[in-house]
1. Give the range 136-151 a look and list any residue that's buried (at least 23 other Cβ atoms within 10 Å of the Cβ) and touching a helix residue (DSSP H, G or I) at 6+ places or on another chain (Cβ under 6 Å), or say none.
2. Among the residues of the range 115-129, count how many are assigned to a strand (DSSP E or B), under 11 Å from Val81 (Cα atoms) and in contact (Cβ under 8 Å) with a residue 12 or more places away in the chain.
3. Are any residues in the range 51-83 farther than 17 Å from Val148 by Cβ and within 17 Å of the chain's Cα centre (by Cα), and if so, which ones?
4. So Asn75 clears everything in (1) surrounded by 16 or more Cβ atoms within 10 Å (Cβ to Cβ); (2) modelled with pLDDT under 95 except one condition, right? Which one?
5. When the residues of the range 88-135 are narrowed to those that are of a type in the set (A, V, I, L, M) and under 20 Å from Gly76 (Cβ atoms), which ends up surrounded by the most Cβ atoms within 10 Å (Cβ to Cβ)?
6. If I ask for residues that are among the polar types (S, T, N, Q), more than 17 Å from Asn55 (Cβ to Cβ) and outside any strand (DSSP E or B), which ones from the range 84-114 would you list?
7. What tally of residues in the range 84-132 results from selecting those that are under 15 Å from the mean Cα position of the chain (by Cα) and of a type outside the set (A, V, I, L, M)?
8. Got a number for residues in the range 130-153 being more than 21 Å from Gly46 (Cβ to Cβ) and either part of a strand (DSSP E or B) or of a type in the set (A, V, I, L, M, F, W, C) (or both)?
Amino acid sequence: MKNTITIFTLFIVIGLVSLNLGTAGTATHEGHGQGAAAMEKTSPAGTFKHETVMNHVRAEFQIMSLASMNMKDPNGATHHVMVNLFHDSTNHSIKDAVGKVKIIDPNGKEQINSLKNYNGTYAANFTFEKNGKYGVICLVKVDAESHVFKFWYPHG
């Protein structure tokens, strides 16, 4: 319960400063204060990938449509956000973390979902209703330390 309250409180704080995400291109750029360069690319199949490092934790994100995965969400979500976490210095996968993802659509509407742990791959589903830039903010707690990753997802 404490973890949930802590994460929720951090999301409120993050939400207040979410307009400071900055702009991200589709090439290498600085990681918005993350302490390392971030990489982004979209595959020919439409999977968007973003990788960044913060406080010695590397996060590798993938955003893809559920339709491209031949999946349907019972709640009507359209996209799947996945993240794999690694200790950057050792490249060991982090299998025990908790977190949430907040998506901010081009009009400022927010969606927040908890990450589900699928044996070290963390995922949540969201709805992307229109084309445009979506803010993605991911808060994870690893070994009692919080990490915030944020970037833009260019949908459409």
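The values are calculated or read from the model by the stated rules, or taken from the named source; none is laboratory data. Just so it is clear, the structure is predicted and the values come from calculations on it, not from any experiment. When we count neighbours, we look across all protein chains shown, and the Cβ atoms used for this are built from the backbone with ideal geometry, even at glycine.
1. Leu139
2. 6
3. Kept after step one, since they are farther than 17 Å from Val148 by Cβ, are these residues of the range 51-83: 62-80, 82.
Scanning the range 51-83 gives Gln62, Ile63, Met64, Ser65, Leu66, Ala77, Thr78, His79, His80, Met82.
4. (1)
5. Taking the range 88-135 as the starting set, the residues that turn out to be of a type in the set (A, V, I, L, M) are 94, 97-98, 101, 103-104, 112, 115, 123-124.
In the following step, the residues that additionally are under 20 Å from Gly76 (Cβ atoms) were identified as 101, 103-104, 112, 115, 123-124.
Details: Val101: 25, Ile103: 23, Ile104: 22, Ile112: 17, Leu115: 21, Ala123: 16, Ala124: 21.
Filtering first and then ranking leaves Val101.
6. Asn107
7. Summing the residues that are under 15 Å from the mean Cα position of the chain (by Cα) and of a type outside the set (A, V, I, L, M) in the range 84-132 gives 19.
8. Total satisfying the criteria: 12.
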